[in-house]
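Remarks on the structure that follows.
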Amino acid sequence: MGTTNGWILARGRKIADERLWQASFAIFRKDWKSELRTRYAISALVMFVISTISIILFSLGSEGASLSALSGMLWVAIFFAAMSGLSRTFVAEEERGTSMTLQLIATPTAVLFGKLLFNLVLVICLNVFVVLLYSAFISEFVVKTYSIFIVTVALGSIGFATAATIIAAIIARANTKGTLYPVLAFPILLPLLLTVINGTRLATEGAFFEEALGEFNLLVSYIVAVVTASYILFDYIWRD
Amino acid sequence: MGWKVVLGVWMTAVIVLALSLPISANPQRWYELPKIPALEDKGRIVFFHVPTAWLSAAAFVISMGYGIRFLRKKNIDDDIKSASAAGLGLMFCVLATVTGAIWAKFNWGTYWNWDPRQTSIFVLLLIYGAYFALRSAIEVEEKRATLSAVYSIIGAVTMPFFMFIIPRIMSGLHPGSADDVNSGPVVSSGGMNFTMRVVFYASLIAFSGLFYWMWDLHIRTTRIESKQIH
């Protein structure tokens, strides 16, 4: 009897896990489809990146800047672009009045991971775009250690998406939708920003991969901490 | 009532001792304070600056603790306690930042130089600011309490990176930084002698008592205010 129960429980849990993955993916697909219909977040992100990079170019003029300043400015561009587009997933649900429906048809965990996946795809597209433009127009910015740079940008994107998603969920519930988002997100994202700026600087200076391991450890533990906290807390934000 | 008088006398004694005990390079008598490398004659700051910095972090933890309690029990009184602790934490955070900056002007030459410790206290200040900005943006009492509790927990999750990890792996001027060859973290290493330790911990207790007193007052006035509104 006991083994049967255990088997049923284990099987039930397995089905629930599969359903969670399916439900999250369904929410991701829904968001992606409605995003492609309006292209609101994508166009906001693209225009933000273009204007930020052109401001950097105007202010630099013909003078070069140091590598650490250039690595910092890369992430300044990413930060402000991300702040313009990443709150969209949750704010749009509130504006359309569809958050109630979503509460009925999906578990909070599925909603969180679906939105997280959506933001992650958005951030990765954003970062690839920013890095391409940045290295095309700013000739001083040359990456010497590609392994460090790729890992830094990848982990940085995941970290950005995780922190931005949970803050977006809070923002969507508050009355002021847009203005508070960077205010709330900046202190949470700052440990991540400081670390990725440091990692980018190491990559442009041509450091060995081992030298950046401390940065990567920090990024991974940041991601784990924020994902765990969001997973536990999202229930309280999402349900009225 | 009685403990408040004791606290007043205690605090006066701490202030008098902290300002009057002589600092000498080679302390022989019991009342002399040691000269800590890199702090030199300005070492007295530990009696005032460290307790305020410690309380600004402790208030954050208290605020988060009552935030968690609110999320579990949905009792609005816990939110009052949480917000009051955060308000006092903001005040102590400003005090720690200002005393640290003034001290930095005389010891390092500039008020602000983005030492990792300064960065971390600045971020704590930002989190407190964002916490109150969020609170002022929400009108419904229960929603405000829930969302601000959630935000303070997320802030607390990222706080260890600033408080403990980044300052120790990045180089800086503050005691306890990665490349600090002088004294290490002042409190946990053996830089202080017995007298200095006694005065320091007495000051820590005095400041904590002061915090508790102010916190209690703040909670009670907020309760009265919220009763008048309803």
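The values are calculated or read from the model by the stated rules, or taken from the named source; none is laboratory data. The model shown is predicted, which means the values in this text are computed figures rather than measured ones. Here the Cβ positions follow ideal geometry from the backbone for every residue, glycine too, while neighbour counts run over all protein chains shown. Note: areas computed on protein heavy atoms with side chains; ligands, DNA, RNA excluded. Shrake-Rupley method; radii C 1.70, N 1.55, O 1.52, S 1.80 Å.
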* Do we find a residue being at pLDDT below 90 and open to solvent by 30 Å² or more (accessible area, probe 1.4 Å) anywhere in segment B:207-214? -> no
* The listed residue being part of a helix (DSSP H, G or I) and in contact (Cβ under 8 Å) with a residue 60 or more places away in the chain, out of A:ILE232, A:ILE167 -> A:ILE167
* What number goes with the only condition from (1) at the interface with chain B (Cβ under 9 Å from one of its Cβ atoms); (2) not in a helix (DSSP H, G or I) that A:ALA207 does not pass? -> (1)
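To keep it simple, each residue is scored yes or no on (1) of a type in the set (Asp, Glu); (2) within 18 Å of the chain's Cα centre (by Cα); (3) over 25 Å from A:ILE232 (Cβ atoms); (4) assigned to a helix (DSSP H, G or I).
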{"site": "B:VAL46", "(1), (2), (3), (4)": "no, yes, yes, yes"}
{"site": "B:ILE68", "(1), (2), (3), (4)": "no, no, no, yes"}
{"site": "B:ILE80", "(1), (2), (3), (4)": "no, no, no, yes"}
{"site": "B:LYS105", "(1), (2), (3), (4)": "no, no, yes, yes"}
{"site": "B:THR110", "(1), (2), (3), (4)": "no, no, yes, no"}
{"site": "B:ILE121", "(1), (2), (3), (4)": "no, yes, yes, yes"}
{"site": "B:ILE127", "(1), (2), (3), (4)": "no, yes, no, yes"}
{"site": "B:TYR131", "(1), (2), (3), (4)": "no, yes, no, yes"}
* To do: Say whether the condition of being over 24 Å from A:THR179 (Cβ atoms) and assigned to a helix (DSSP H, G or I) is met by at least one residue in segment A:59-66.
  => yes
* Close pairs from segment B:122-136: first facing another protein chain (nearest Cβ under 8 Å), partner open to solvent by less than 30 Å² (accessible area, probe 1.4 Å) and of a type in the set (S, T, N, Q), Cβ under 6 Å, at least 6 apart -> B:LEU134/B:SER148
* Structure fact -> Flagged in segment A:189-201 as buried (at least 24 other Cβ atoms within 10 Å of the Cβ) and either facing another protein chain (nearest Cβ under 7 Å) or more than 12 Å from A:LEU74 (Cβ to Cβ) (or both), in numbering order, are A:LEU189, A:PRO191, A:LEU192, A:THR195
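Yes/no matrix, rows are residues, columns are (1) open to solvent by 10 Å² or more (accessible area, probe 1.4 Å); (2) within 8 Å of chain B (Cβ to nearest Cβ); (3) on the phi > 0 side of the Ramachandran plot:
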site	(1), (2), (3)
A:GLU140	yes, no, no
A:LYS144	yes, no, no
A:SER147	yes, no, no
A:ALA161	no, no, no
A:ILE167	no, yes, no
A:ARG173	yes, yes, no
A:LEU180	yes, yes, no
A:PRO187	no, yes, no
* Asked: Right, A:THR152: open to solvent by 20 Å² or more (accessible area, probe 1.4 Å) and of a type in the set (S, T, N, Q) or not?
  -> no
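Name the residues in segment B:114-126 that are at pLDDT below 85, surrounded by 13 or more Cβ atoms within 10 Å (Cβ to Cβ) and of a type outside the set (D, E, K, R), would you? Full working, then the answer.
Step one: list which residues in segment B:114-126 are at pLDDT below 85, which gives B:114-120.
Going one step further and asking which of them are surrounded by 13 or more Cβ atoms within 10 Å (Cβ to Cβ), we end up with B:115-120.
Within segment B:114-126, B:PRO116, B:GLN118, B:THR119, B:SER120 meet the criteria.
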* State which residue pairs qualify: first residue closer than 25 Å to B:ALA53 by Cα and inside segment B:211-230, second residue surrounded by fewer than 13 Cβ atoms within 10 Å (Cβ to Cβ) in any location, beta carbons under 9 Å apart, and separation of 6 or more residues or different chains. => B:TRP213/B:TRP3; B:TRP213/B:LYS4
